[in-house]
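Read the structure below first, then the notes.
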Amino acid sequence: MNTESNQIKPNHIAIVMDGNGRWAKKRNMPRVAGHRAGVKALRKLIEHAVKIKLKAMTVYAFSRENWQRPEKEVGLLMDLFMTALQSEVKDLHKNNVRLKFIGDKAAFSDKLQVAIADSESLTASNSGLSLNVAANYSGRWDITQALQSIGQELEAKTINAKDIDESLINGKLSLANNDEPDLFIRTGGEQRISNYLLWQIAYTELYFTDTLWPDFDSVQLDGAIEWFSSRQRRFGKTSEQIEQGNI
Ligand code: IPE
Ligand code: IPE
Ligand code: MG
C-alpha cells in the first residue's frame with residue numbers, strides 16, 4: 001500500500017516494540033526466541049522506513065525498568081543487542097542510516113559501550129533515516145539528566161534561573177536534535193507509555209495495536225501511517241481554524 005503523496009506523513013515515528021514474550025509463549029518457545037523474532041521484525045521495518053524516506057524513527061529496545069527482569073533474560077537481551085549491532089551496522093551504514101543510542105549507556109558492559117560508540121561514529125554523517133535506539137532509557141531519567149545539566153550551569157553561573165525555558169530544557173534532552181515524534185506506535189495491546197519519551201510526546205498522535213511486535217510488518221506500519229494521515233492535529237486550536245489554514 002502506498003500512502004498518497006498529498007497525505008500528511010509523519011516525519012518521526014516513536015515505537016514501543018512490545019509483545020515479544022507473548023509471541024514466544026503462544027508458540028511454546030522461550031522468551032528469547034520472541035526477542036530474536038523481534039530483532040528480525042525491526043530489521044524489516046528499518047528497511048521499509050528507508051524505502052518510504054521516513055526522517056526519523058525512535059525505537060524502545062530496553063527500559064531502565066527492564067533490568068528488573070530475570071537475570072537470565074536480561075543477559076540474553078544484552079547478548080542479542082551485541083550480536084544484532086555487530087551484524088547490522090554495516091548494512092545500516094550502507095543504507096545511509098544514522099544510528100544513535102539514547103539512554104544511560106554507562107550501565108552496559110564496556111564491550112557493548114564500545115560497539116555502540118563505534119556504530120554511532122561510523123554512521124554519524126549519514127543523511128538518511130535517523131534511527132534512535134532507546135536502551136536503558138526512561139523518560140523520567142531523560143528529564144532528570146537534563147535538569148542536572150542545567151543545575152551545573154546554574155552552579156557555574158553560566159546561566160540564570162530566568163534563562164530556563166522550554167527550549168533550553170529541550171536542548172538538554174536525548175532527542176534534542178530531532179523533531180518531536182508526530183506518531184507514537186505501541187504494539188502488544190497495552191495502552192500505556194511505560195516511561196518512554198515523556199517530554200517529547202506532548203502532542204504526538206498515539207496509535208495502539210494488539211499485534212505483537214514480531215508480527216508487526218511494513219503493511220501494518222503503512223496502516224498506522226494512514227491512520228495518522230486521517231488525524232486532525234489541532235495543537236489547542238479549533239477545527240475551524242485548522243480548516244481555514246490558520247496553522
Ligand atoms: C518487549 O517485549 C521487549 C522488551 C521489553 C525488551 P516484551 O518482552 O515486553 O514482551 P511481553 O510484553 O512480555 O509479551
Ligand atoms: C516497554 O515494554 C519497554 C520496551 C518495549 C523496551 P514493557 O513490556 O517493559 O512495558 P510494561 O512493563 O508492560 O509497562
Ligand atoms: Mg512487554
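The values are calculated or read from the model by the stated rules, or taken from the named source; none is laboratory data. Given the structure is predicted, the values throughout are model-derived calculations rather than measurements. With ideal geometry, Cβ positions are generated from the backbone for all residues, glycine too; neighbour counts draw on all protein chains shown. Note: accessible area is taken over every heavy atom of the protein model, side chains too, but ligands, DNA and RNA are not part of it. Shrake-Rupley method; radii C 1.70, N 1.55, O 1.52, S 1.80 Å.
Residues of segment 160-180 being polar (S, T, N, Q) and modelled with pLDDT under 95, which ones?
Within segment 160-180, ASN177, ASN178 qualify.
Yes or no, residue by residue, for (1) more than 16 Å from ligand 3 (Cβ to nearest atom); (2) open to solvent by less than 40 Å² (accessible area, probe 1.4 Å); (3) under 15 Å from the mean Cα position of the chain (by Cα):
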residue	(1), (2), (3)
ILE164	yes, no, no
GLU180	yes, no, yes
GLN191	no, no, no
ASN195	no, yes, yes
TYR207	yes, no, yes
THR211	no, yes, no
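Among the numbered criteria (1) open to solvent by 20 Å² or more (accessible area, probe 1.4 Å); (2) closer than 17 Å to ASP215 by Cβ, which one does GLY21 miss?
(1)
What residue, among those in segment 54-81 that are basic (Lys, Arg) and free of Cβ contacts under 8 Å to residues at least 24 places away in the same chain, is surrounded by the fewest Cβ atoms within 10 Å (Cβ to Cβ)?
Going through the qualifying residues, I end up with LYS72.
Does ALA107 meet the test of being surrounded by fewer than 16 Cβ atoms within 10 Å (Cβ to Cβ) and of a type in the set (A, V, I, L, M)?
Spelling it out, ALA107 is indeed surrounded by fewer than 16 Cβ atoms within 10 Å (Cβ to Cβ) and of a type in the set (A, V, I, L, M).
Could you list, in sequence order, the residues of segment 93-108 that are more than 17 Å from the chain's Cα centre (by Cα) and within 16 Å of ligand 2 (Cβ to nearest atom)?
ALA107, PHE108
Take the residues of segment 213-232 that are without any contact (Cβ under 8 Å) to a residue 60 or more places away in the chain and over 30 Å from ALA24 (Cα atoms): which is most open to solvent (accessible area, probe 1.4 Å)?
Ranking the candidates gives ARG231 first.
How many residues does segment 166-175 hold that are part of a helix (DSSP H, G or I) and either of a type in the set (S, T, N, Q) or surrounded by 14 or more Cβ atoms within 10 Å (Cβ to Cβ) (or both)?
5
What residue, among those in segment 190-247 that are of a type in the set (Ser, Thr, Tyr) and part of a helix (DSSP H, G or I), is nearest to ligand 2 (Cβ to nearest atom)?
Ranking the qualifying residues of segment 190-247, first place goes to SER218.
Could you list all residues from segment 83-92 that are crowded, with 16+ Cβ neighbours inside 10 Å and either within 17 Å of the chain's Cα centre (by Cα) or without any contact (Cβ under 8 Å) to a residue 40 or more places away in the chain (or both)?
Hits for segment 83-92 are ALA84, LEU85, VAL89, LEU92.
Restricting attention to segment 134-156, does a residue exist that is touching a Leu at 6+ places or on another chain (Cβ under 6 Å), within 16 Å of ligand 2 (Cβ to nearest atom) and either among the acidic types (Asp, Glu) or in a helix (DSSP H, G or I) (or both)?
Among the residues of segment 134-156, at least one is touching a Leu at 6+ places or on another chain (Cβ under 6 Å), within 16 Å of ligand 2 (Cβ to nearest atom) and either among the acidic types (Asp, Glu) or in a helix (DSSP H, G or I) (or both), which makes the answer yes.
Only one of (1) touching a helix residue (DSSP H, G or I) at 6+ places or on another chain (Cβ under 6 Å); (2) open to solvent by less than 100 Å² (accessible area, probe 1.4 Å) fails for ARG31. Which number is that?
Failed condition: (2).
Suppose we filter segment 119-133 for residues that are small (Gly, Ala, Ser), in contact (Cβ under 8 Å) with a residue 12 or more places away in the chain and in a helix (DSSP H, G or I); how many remain?
1
Based on what the data block shows, is SER121 over 19 Å from HIS12 (Cβ atoms) and of a type outside the set (A, V, I, L, M)?
Judged against the criteria, SER121 is a match.
Test GLU155 against the criterion of being among the charged types (D, E, K, R) and out of contact with any strand residue (DSSP E or B) (no Cβ under 9 Å at 6 or more places or on another chain), and give yes or no.
The answer is yes for GLU155.
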